[in-house]
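Below is one structure; the comments refer to it alone.
The values are calculated or read from the model by the stated rules, or taken from the named source; none is laboratory data. Since this is a predicted model, take the numbers as computed values, not measurements. Quick reminder, even Gly has a Cβ in these numbers, built from the backbone with ideal geometry, and neighbours come from all protein chains shown. Note: areas computed on protein heavy atoms with side chains; ligands, DNA, RNA excluded. Shrake-Rupley method; radii C 1.70, N 1.55, O 1.52, S 1.80 Å.
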Amino acid sequence: MKNTNSHPDISVIVPIYNEEKNIPVLYKRLKDSVREISASYELLFINDGSKDASIFELMKLTEQDANVRYINFSRNFGHQIAVTAGLNYCQGDAVVIIDGDLQDPPELIPELYAKFKEGFEVVYAKRKKRKGESFFKKVTAKLFYRILKKITTTDIPLDTGDFRLIDKKVVRYLRLMPEQNKFIRGQISWLGFNQTYVLYDRDSRKEGKTGYSVSKMFKFAMDGITGFSDKPLSFVTKLGFFISFLSFLAIIFAIYSHFILQKTITGWTSLIIAVLFIGGIQLISIGIIGAYISRMNKNLLNRPLYIIESSNLKNQQYDH
Ligand code: UDP
Ligand code: MG
């Protein structure tokens, strides 16, 4: 057996936001499945500013099990950032990313690991079914992944979350990607390497409620799009040309009608519709451009991605 403190065979990264009721069962199921693989493991929990007693549950675990590590953020930084912190500090040869609400079954980890042993650097878990999620969530998620696939040149697999196993090589490159707006599943696809998947049924959340509000989902979707496609920008330009062309036709027609047909078109309705239509298109276009500018702005500010308030990591600087 290897020294569990330096390079365990397997690290498991778990972002935690208000999961106090899930943590004890989660821990037990995680431990049982990684032990099937190796006794040399680390479970790395990132408490992302939970408002409940999650952090105390995590601290309890560290007393029972020397393989449990936690990172406690100073506030809520968001799921992707929590996973990023985990990626920055994990030390395993194989690294699993898994949700903390038991929607991703820990029992799948040995299957992921078997593929890793076959030589794959990325083994993602692809959902067959999504249980217990709202109609709205399922429809928006389906739509989002399909739009993303259409507009990006990076091959981001459909219906796949962050639940996956990656080689430490991949982790090393992820650490070199400095973007502030993280879309980790996209970054991993972008990196390439040998990728494969296993299928699974996604369970419903065991306890508590989703930490992904509609606004967090929207931000996440925008990060995915702006990080992996410039198509919305060229779309806006094309749309601009198209609308200008239409208005040009309208002008020609208006002149023709005034001078040749001797009829001047009156009408408040057509005017107001045209003004609102163009106004709407313009605002959407500015919004799209704004999304890219905001992304640039964040990267220029270059603030730390997260602030660690406390942790039980040893001999490691909080240098990210
Ligand atoms: N999460 C987090 N920070 C957040 C929101 C969620 O660390 O701001 C964690 C959460 O505890 C869970 C995972 O990210 O482990 C996925 O979140 P959730 O289950 O709430 O999202 P959903 O499955 O509903 O999309
Ligand atoms: Mg969930």
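Brief remarks on what is shown
- Each residue of the stretch 10-17 is assigned a 3J(HN,Hα), and the resulting list reads 9, 10, 10, 9, 10, x, 10, 9 Hz, derived from the Karplus form 6.51 cos²θ - 1.76 cosθ + 1.60 (θ = phi - 60°), x at Gly and Pro.
- Using just its DSSP H runs of length 4 or more, each adding -39500 (n - 2.57), the chain gives a mean residue ellipticity at 222 nm of -16000 deg cm²/dmol after division by all residues.
- Summarising the amide proton neighbourhood of ILE307: residues at separation of 5 or more, or on other chains, whose placed amide H is nearer than 5 Å comprise SER74, ARG75.
- Built amide H within the under 5 Å cut-off of VAL68, gap 5+: LEU43
- Surface share of carbon and sulfur [accessible, 1.4 angstrom probe, percent] for the stretch 52-195: 56
- Prolate/oblate/rounded label for the stretch 139-203 (Cα gyration tensor, a/c 1.5): oblate
- Excluding same-chain neighbours fewer than eight residues apart, the lysines reachable from LYS142 by a Cα-Cα span under 24 Å are LYS126, LYS128, LYS129, LYS131, LYS150, LYS182, LYS206, LYS209, LYS216, LYS219, LYS231.
- Per residue, the average separation of C-alpha pairs within less than 8 Å and at least 6 apart gives the chain a relative contact order of 21 percent.
- Cross-link partners of LYS138 among aspartates and glutamates (Cα-Cα below 18 Å; sequence separation of 8 or more within a chain): ASP99, ASP101, ASP104, ASP159, ASP162, ASP201, ASP203
- Note on TRP268 and SER247: with the Förster distance fixed at 22 Å, the Cβ-Cβ geometry gives a FRET efficiency of about 0.80.
- Rough spin-label spacing in nm, given labels placed 7 Å along Cα→Cβ, for LYS298 and LYS238: 2.7
- Sites PHE136 and ALA66 - FRET efficiency at Förster radius 41 Å, r taken between beta-carbons, to 0.05: 0.45
- By definition, a body whose alpha carbon gyration tensor gives a ≥ b ≥ c is oblate when a/c is 1.5 or more and a/b is not larger than b/c, and the stretch 208-275 fits this oblate description.
- Span-rule helices in the chain, defined as complete DSSP H runs reaching 18 Å or more along the axis (Cα) with Kyte mean at least -1.0: 23-37, 135-151, 214-228, 231-259, 268-301
- A Förster radius of 35 Å combined with the Cβ-Cβ distance from ILE278 to MET177 puts the calculated FRET efficiency at roughly 0.35.
- In loop segments of the stretch 25-118 as defined by DSSP, the trypsin sites (Lys or Arg not before Pro) with at most 12 further C-beta atoms inside 10 Å of their C-beta are LYS51, ARG75.
- Cβ-based charge dipole, the chain, positive-most Cα from GLY267, PHE193, PRO110: GLY267
- With an a/c value of 1.5 or above and a/b not larger than b/c for the gyration tensor axes a ≥ b ≥ c computed over the alpha-carbon atoms, the stretch 98-184 is described as oblate.
- Between the amide H of ASP52 and those of ASN18, distances stay under 5 Å, these residues lying 5 or more places away or on another chain, with hydrogens modeled in the peptide plane.
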